[in-house]
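Every number in this text was worked out from the coordinates using simple rules, so none of it is lab data. Only a predicted model underlies this, so the values are computations on that prediction, with no experimental measurement involved. Neighbour counts run over all protein chains shown; Cβ positions are idealised from the backbone, glycine included.
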Amino acid sequence: MKRTGLLFGAVMSIALMGVSLEVIAENMGLNEWARNHGPLFVLKEFTGPGVMARFLSIIFFIGLCMFLMYRSFTLDDDEFPI
């Protein structure tokens, strides 16, 4: 049961990554930039912090997913031997 919870957390971390990226883009003004200038970002003083915040968010959520998957498959349960 613990393994299922950890795997569910890993899947949900990927889902929450998309939500957090959208929240960061909206709060940092990247969506407004995309509406005015198109989908490509030029790293300037206006878009640089938002792009870096999104990049760090991606790194964090992928790391969280990897950690949860690692923990789920290294449990010392004898119920489900792998």
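Data overview
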read-out: Net dipole in debye of region 2-73 [+1 Lys, Arg Cβ; -1 Asp, Glu Cβ; about Cα centre; nearest 20]; value: 380 debye
read-out: Interatomic Cα distance distribution for the chain, bins of 10 angstrom, percent; value: 17, 36, 21, 15, 8, 2
